[in-house]
Amino acid sequence: MASKSVFQMSRATLETPSIINLASFSPARTRQLHAHIVKTGLLIDHSLSSKLLSLYANHRCFSEASIFLNSLDEPSSSSFSIIINAFSKFNLFGNVVDLFRKMLSEGVVLDSYLLPAVAKACAGLSAFRLGRQVHGLAQVSGCSSDVVVQSSLVHMYVKCRRLGIAHKVLDGIPEPDVVTYSAIIAGYARNGDVGMAKRLTNDMGKLGLEPNLVSWNGLIAGFNQSGRYLEAIYVFLDMHLRGCQPDGSSFSSVLAAIADLDVLHAGVQVHGYVIKRGFACDKWVVSSLIDMYGKYACVSEMKQVFHEMGCMEIGACNALVSALSRNGLVNDGLVMFSQMREQGMDLNVVSWTSMIACCSQNGKDVEALELFAEMQLAGVVPNAVTIPCLLPACGNTAALMHGKAAHCYSIRRQIVNDVFVGSALTDMYAKCGKISHSKLCFDAMPTRNPVSWNAIIGGYAMHGQDKEALEMFDLMLKSGQKPNSVTFTCLLSACNQKGLVDEGWRYFNSMYKEYGVEARTEHYACMVSLLSRVGKLEEAYSLIKEMPMEPDACVWGALLSSCRTYKNLQLGEIASERLFKLEPRNPGNYVLLSNIYASKSMWVDVNRVRNLMKETGLKKNPGCSWIEIKNKVHMLLAGDRTHPQMAQINRKLETLGKEMKKAGLDPKIDYVLQDVEEQDKEQMLCGHSEKLAVAFGLLNTPAGFPLHVIKNLRICGDCHAVIKFISGIEGREIFVRDTNRFHHFKDGECSCGDYW
DNA sequence: GTAGGGTTAG
């Protein structure tokens, strides 16, 4: 019968749909049936209309389903129920609520078959107030004694984190089943209330209810969500000992717990168990395995797990992208992402966000911003995780317009109150030179975590507003928030900028004694820089000798710079000897030492250092010749034909072209790009080359970046001049945060921090 | 015809 066209069926057949095999109807055939009914004016009985509705709904043909629903004279509650349940099945929670509201407004009586779907939608939307109203409606309409309705309400309250109410509803159920019980137990576990979770588990046992797979899994997940990873692993073991075989859900949860502890051996054991139980190709398990191996820096293992799965699955691909990013393999991440796109995979918000995070966390800021634009073109909606991943890229390039757009978007999407979004906005505005905006964002945050406080303290420190930075720290303590390692780095750098030696020592000494935060290399580097900046070179050197860890190049570099300032040869030699070992290919170190010798007219030693540089294979300092820099800048500018100030630039270029010819340089655009790209990579990443690369990077950024920040730059005279020049020719505002202070360049002038 | 567990992004 099913093979026959609808049009060939007799009226009698269609009026007795029970004999037609409707289950095999395709969407097209369903539309045919619908058309036939409309055309012939067939008498539609309740059974036929229900079947047509469920055919449409299960094929996700919701517009057809609602057209049909609207065509019914008096749609019953069960007709609404069919579509509402289908919406819920496909997680279309907003649609569930809308249709439910419509149904109520039409005065249709409630039935207990659709309430669970509505409760599930409230849970999915975390809409507690709406859920409570639904509960009230269930009571008024007499549906609240239905055990499935009660159970669904328990789940709803647990998901909305209202455990007290959930518990009360549970107490009202005469014979709750295992899963309803387990929902509350998992809820308590998720809130970190281990005692209550255990007590209820005992209560459940007394009632003769044995936990089943779903309840075990819920409990493991609950402990994971409250960060109690060890408890989660114990539950997994308990489950195993009590003879319940884990499934993909149990494995993926326990692996996630293992990933956040330092127990790789346990992870390897579970991996073995996964293989034995035949879950090595389960998409959830594979994602967790990749993530776990990624967190333990087992790069080849994570790749192997991925390849052994043998197919491109979105979750596993996303996990691989973030695992590659975590291990600094940005280019591999980008390759993976482009493969995903080439294969036409349906990239979701996690895919895009992972890739954006991968770029912004690994110095590819412009790429991160471009990806964000592409994401929106692809129609994928950014969420409360995407924005904090994107904002550092805006801050690092001082792309204030993009940052502001992201801010507006967060307000529109109502995610601006998210603690991660707020902290990232505070940080972004500070890095874009807008400290007042930064403070406004910080003040507007309803809740704050240490990251939020660090953002504002670090922001003030960056802007040289030491008083405000220290005040914010006091407020942080008063609010009951504990400072962490980063907080002290921000505070010490604020002290460092202003030469506040006493305060610096006070914070440095108190960090462990009062707050239990151990001093790390960067804290020592700040102190060494602070002490040597004010001329206390011996004190700085004593501190270095006291360090419990090996001092790094930042520490020795801070000392060496001040040795040049104070012409201290003895310590300068000690510091540079260490630096030549730590970063042999940084020309800056050689230059600093030779400067000290030169200041004492020790020309033999100056030559010795220059020869040492040559022996190391370092060419002459690429940042030394002003004419070269000027020419390179202009050749780069000439490459951007769409630049709004092209005419002005061209005029300047004409003049400079003459100068270039005089200097014997080839005025080709490629010259600079090749020069930067083909340089020895190591050399490129250090010293003057880095500064130049950053300066050129400014000019390579696309339109829409009127403001720029260069960070963590020990600024040299040439670099300063280049930036000053760029700001003049382009009318851009440029901020440079060097290790000591904030420089603001505008219209070819430097308005603060200009010490040349 | 109705409820119930998981992974990957900060």
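Where a number appears in this text, it was derived from the coordinates with a stated rule and is not lab data. The structure displayed is predicted, hence computed values, not measured ones. Using ideal geometry, Cβ is built from the backbone for each residue, glycine included, and neighbour counts are taken over all protein chains shown.
Listing for the model above:
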| quantity | calculated |
| --- | --- |
| Tally, over the stretch A:444-503, of residues that are in contact (Cβ under 8 Å) with a residue 60 or more places away in the chain, in contact with a Lys or Arg (Cβ under 8 Å, 6 or more places away or on another chain) and buried (at least 22 other Cβ atoms within 10 Å of the Cβ) | 3 |
| Those residues of the stretch A:278-294 which are of a type in the set (Ser, Thr, Tyr) and either within 6 Å of DNA strand B (Cβ to nearest atom) or closer than 14 Å to residue A:250 by Cβ (or both), in sequence order | A:287, A:288 |
| Any hit, the stretch A:314-327, residues being over 19 Å from residue A:304 (Cβ atoms), more than 12 Å from DNA strand B (Cβ to nearest atom), surrounded by fewer than 23 Cβ atoms within 10 Å (Cβ to Cβ) and touching a residue at least 12 places away in the same chain (Cβ under 8 Å) | no |
| Subset tally (residues that are within 16 Å of DNA strand B (Cβ to nearest atom) and either over 23 Å from residue A:303 (Cβ atoms) or surrounded by fewer than 22 Cβ atoms within 10 Å (Cβ to Cβ) (or both)) for the stretch A:344-359 | 6 |
| Candidate set: the stretch A:185-206, residues that are touching a residue at least 24 places away in the same chain (Cβ under 8 Å) and within 18 Å of residue A:175 (Cβ to Cβ); chosen: the one surrounded by the fewest Cβ atoms within 10 Å (Cβ to Cβ) | A:204 |
| Residue match in the stretch A:417-430 (condition: of a type in the set (Phe, Trp, Tyr), surrounded by fewer than 22 Cβ atoms within 10 Å (Cβ to Cβ) and within 14 Å of DNA strand B (Cβ to nearest atom)) | yes |
| Selection from the stretch A:295-304 of residues that are within 14 Å of DNA strand B (Cβ to nearest atom) and either under 24 Å from residue A:349 (Cβ atoms) or of a type in the set (S, T, N, Q) (or both) | A:295, A:302 |
| Hey, residue A:209 more than 26 Å from residue A:348 (Cβ to Cβ), within 14 Å of DNA strand B (Cβ to nearest atom) and free of Cβ contacts under 8 Å to residues at least 60 places away in the same chain or not | yes |
| Unmet criterion (only one of (1) buried (at least 16 other Cβ atoms within 10 Å of the Cβ); (2) over 41 Å from the mean Cα position of the chain (by Cα); (3) hydroxyl-bearing (Ser, Thr, Tyr); (4) over 26 Å from residue A:180 (Cβ atoms)) for residue A:112 | (4) |
